[in-house]
Amino acid sequence: MEEIAALHLDQWDAKERIIDWSKTKNGKPHTIPVPAFAAELIESIVPNKHGWFFPSAKDPSQPVSAGTLYSFMWRQRDRGVIPVVTNRDLRRTWKTLAGKAGVSKEIRDRLQNHTPQDVSSKSYDRWNYMPEKRAGMQKWNDFVTALLGMNARATTYPTNSVAA
């Protein structure tokens with residue numbers, strides 16, 4: 001959630017439909033393809049003059065803090081608007097529903113920036129898995145749009161994408 005809260009214009013590549021973080025919580029760079037439905041939502045947001053998609057209300061030169069988002073969620077829980085959930089529940093729900101959508105566990109792990117711990121993955125495998133991530137996000141897009149009763153939006157990713 002922290003990475004999305006601090007989404008900056010420099011991290012969004014609309015042509016490739018990817019979000020690229022050079023540094024994340026685990027210290028490793030992470031790039032994810034964005035499904036069509038989510039890309040439309042991102043494109044509907046006009047970043048502020050500092051390039052933040054979600055600027056802080058107190059200091060627009062900075063992004064909103066994840067703590068602000070957590071507080072909002074807690075207030076909604078206290079008001080009975082949403083069930084009692086934690087941030088971990090959001091990640092777990094996505095992981096479970098993406099599995100139901102047909103996204104393999106390996107690709108779900110990679111989309112969540114979970115580092116495989118086997119020797120081969122840690123030491124030798126430098127493949128970025130972008131085609132596999134894109135296919136997984138297409139399954140996710142189809143699943144979400146079907147849940148919402150919408151026509152699935154086509155995700156046409158560039159075939160020669162070199163994004164890491």
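The values are calculated or read from the model by the stated rules, or taken from the named source; none is laboratory data. The model shown is predicted, which means the values in this text are computed figures rather than measured ones. All Cβ positions, glycine included, derive from the backbone under ideal geometry; neighbour counts span all protein chains shown. Side chains included, ligands, DNA and RNA excluded: accessible areas come from the protein's heavy atoms. Shrake-Rupley method; radii C 1.70, N 1.55, O 1.52, S 1.80 Å.
A few points about this structure:
- Radius of gyration over Kirkwood radius for the stretch 1-87, both on Cα atoms: the Rg/Rh ratio is 1.00.
- Apolar share of the accessible surface for the stretch 1-133: 57 percent from carbon plus sulfur atoms, 1.4 Å probe.
- Maximal additional length on extending the L69-W94 stretch stands at 7.2 nm, based on 0.36 nm per residue less the C-alpha distance.
- In the context of the full set of protein chains, residues of the chain present 63 Å² of accessible surface per residue (probe radius 1.4 Å, heavy atoms only).
- Straight-line reach from K139: taking Cα to Cα under 20 Å and skipping same-chain neighbours fewer than 8 places apart, the aspartates and glutamates in range are E16, E40, E106, D109.
- Of the trypsin sites (Lys or Arg not before Pro) found in the stretch 25-116, those in coil by DSSP whose Cβ has at most 16 other Cβ atoms within 10 Å are K25, K49, K58, R79.
- Option label - P(r) over Cα pairs in 5 Å bins from 0, in percent computed here, alternatives (i) 1, 8, 14, 18, 21, 19, 12, 5, 2, 0; (ii) 1, 8, 15, 16, 14, 9, 6, 4, 4, 4, 4, 3, 3, 3, 2, 1, 1, 1, 0, 0, 0; (iii) 2, 8, 13, 17, 17, 12, 8, 6, 4, 4, 3, 2, 2, 1, 1, 0, 0, 0, 0: (i)
- Ranked by how many other beta carbons lie within 10 Å on average, peptides 133-139, 121-127 from highest: 133-139, 121-127
- A straight Cα-to-Cα reach below 25 Å connects K23 with the lysines K15, K49, K58, K95, K105, K122, K133, residues fewer than 8 places away in its own chain not being considered.
- Stokes-Einstein, applied to the Kirkwood radius of the stretch 59-146 over Cα pairs at a viscosity of 0.890 mPa s and 25 °C, places its translational diffusion at 157 µm² s⁻¹.
- Dividing the helix sum by the residues of the chain, where each DSSP H run of 4 or more adds -39500 (n - 2.57), gives a mean residue ellipticity at 222 nm of -11500 deg cm²/dmol.
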